[in-house]
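Read-outs throughout are calculated quantities, based only on the coordinates presented, and are distinct from any laboratory measurement. Nothing here was measured: the structure is a model prediction, and the numbers come from that model. Glycine also receives a Cβ, built like all others from the backbone with ideal geometry; neighbour counts cover every protein chain displayed.
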Amino acid sequence: MGPPPPLLLFLPVLLSWFGGTWAQDTCRAPERLQDAELQEDFSSEQSFPVGSSVSYVCRPGYVAIPGKSSTRTCGEDLEWSPLEQFCTERKCRHPGELEHGFINVTDLTFGSKATFSCERGFRLLGTDEITCVIQNKGVDWDKDLPFCERIPCKPPPSIANGHFTEADHYVYQTSVTYTCDEVPRGTDPFSLIGSATIFCTFDENSNGVWSEPPPECKVVRCDNPRVENGRKISGFRPFYSYRDAVIFECDPGYSMTGADVITCEANNTWYPPKPTCEKIAGGQCSAPEITHGVVIPEKSVYGEGESVQLQCSAGCAFPGGAKEVTVTCQGQDTWSSSQSCVCGPASPGYTPSINYGRVIEGAKPSYSVGDVITIECYAGYTLHGEARIEYLGENKWNPGVPTCQLSAYVIAIICVIVVIVVFLAAFWAYKKFLSQNGSYTVDESCKETCVLKYNVPAEMEETAQMN
């Protein structure tokens, strides 16, 4: 067998060269897109000749944008032609309104979420979050909307010897009031221990709870309190029940240890405990007694030589008219002076009289302590004092009622006018004097006529003749 022909020797090389050139003149399959995929006809191809085109379809959850091309072409540079976005996310409808609640939704596109919450006193029934998903070749929310219900409470607890105001239902902010039952006449009454009114609220888990436990109705009776070397000054009763109070004071020569006010508590005892009155040592004094006033400083015992101030209450004064006096402990529970304040009926104040002025703010038919008025003067007058004054009682004002006086400018003008008038009057008098005492020449022929016509005095006529 002879050697192969030369053409057969080059055939594999030629086939390899043609095959390589053909393989390089195609585009690879286009890249995957997030919002679209190749039509089914092109999805299985791995290479595409130059000039061939492929088309895309939008993926579920996306919709084609009108006017935008979804076709790409394999170019001579073996690259696919650029492609504008031609698919956009589908949008769910707005979830709507949530009565007594809030909807938080930032977007309505495919894959977005909406969350829900309720107003104070309401709780969410249903899901607190929904998602926009693919449904029936479109998109829609994956769950139904929840709703907000007013937080309910269980019926309030019943109590022994009492009852409460009932309601049709008990929800957030509903309140109930407890009352103790009536008892037969001559029987000790029930006392309500605790808050009479409770209301429906909620806990950290939005479960309805009552604001506090219900009160209790029971008989409370405290003994009649007595203090040796002391006496009651308030709280006289035949018997003492819950929250009844008594005020004590010590007899002269004794000082108090403990609280002067005690209250009957639910456990049938007094709180704080009853005070005691102890004998005052020779060089000390108990607090001075004063009606309608206070002692400053206030203590139970004062040393000999110690001074205090006695101050009367508003509307009251000591017999001499003073509001405050100073007394000194002289030992043996004796003070240098013992006085009491005298209180008169509080009389309303009246608008003060202001010459050449008026009240422009706060005017009333009558005034109470603390009322304030504002005063201004008429034009040409100056206010001397404060414009705003406060009523102190007994027709007294602080600071005092101001006055309205002519301003210096007006006074200067008046003085100038007076000087001018006086000058003119003097000048007129001088002219008149000259006219009455000057020289006259009277013609004999008209002497009588002149006397009659001009009423010339006889003396002037004789003077004229002599001249």
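Below is a table of values for the structure above.
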| item | result |
| --- | --- |
| Using alpha-carbon coordinates, inclination of helix 6-24 to the longest axis of the chain, degrees | 20 |
| Cross-link partners of Lys113 among lysines (Cα-Cα below 25 Å; sequence separation of 8 or more within a chain) | Lys91, Lys137, Lys143 |
| Neighbourhood net charge (13 Å Cβ-Cβ; Lys/Arg +1, Asp/Glu -1) for Gly393 | -1 |
| Rounded tilt (10° steps) of 408-437 against the dominant C-alpha axis of the chain | 40 |
| Two-decimal Rg/Rh across the chain, once Rg and the Kirkwood Rh are taken from alpha-carbon atoms | 1.45 |
| Mean residue ellipticity (222 nm) of the chain, computed from DSSP H runs ≥ 4 via -39,500 (n - 2.57), nearest 500 | -4500 deg cm²/dmol |
| Low-density loop positions, chymotrypsin sites (Phe, Trp or Tyr not before Pro), the stretch 187-240 - DSSP coil, at most 16 other Cβ in 10 Å | Phe236, Phe239 |
| Val209 long-range amide H proximity, modeled H, under 5 Å | Thr201, Phe202, Asp203 |
| Formal net charge of residues neighbouring Ile296 (Cβ-Cβ distance under 14 Å; K, R +1; D, E -1) | -1 |
| The chain, relative contact order [Cα under 8 Å, separation at least 6], % | 5 |
| Mean separation of Cα contacts under 8 Å (6+ apart) over length of the stretch 25-89, as relative contact order % | 35 |
| 18 Å Cα-Cα reach of Lys299 towards lysines, excluding residues that sit fewer than 8 places from it in its own chain | Lys279 |
| Ranked His163, His384, criterion: other C-beta atoms within 10 Å, fewest first | His384, His163 |
| Neighbour count of at most 14 Cβ within 10 Å plus DSSP loop: longest trypsin sites (Lys or Arg not before Pro)-free window in the chain | 324-467 |
| Long-range HN-HN contacts of Cys217 with modeled amide H, under 5 Å | Ala160, Ile193 |
| Qualifying GluC sites (Glu not before Pro) in the stretch 154-227, DSSP loop, other Cβ atoms within 10 Å at most 15 | Glu166, Glu182, Glu204 |
| Length added when fully stretched, Ile103-Ser206, from 0.36 nm per residue minus Cα-Cα | 35.2 nm |
| Relative contact order (%) - criterion: Cα under 8 Å, at least six apart; region: the stretch 194-277 | 24 |
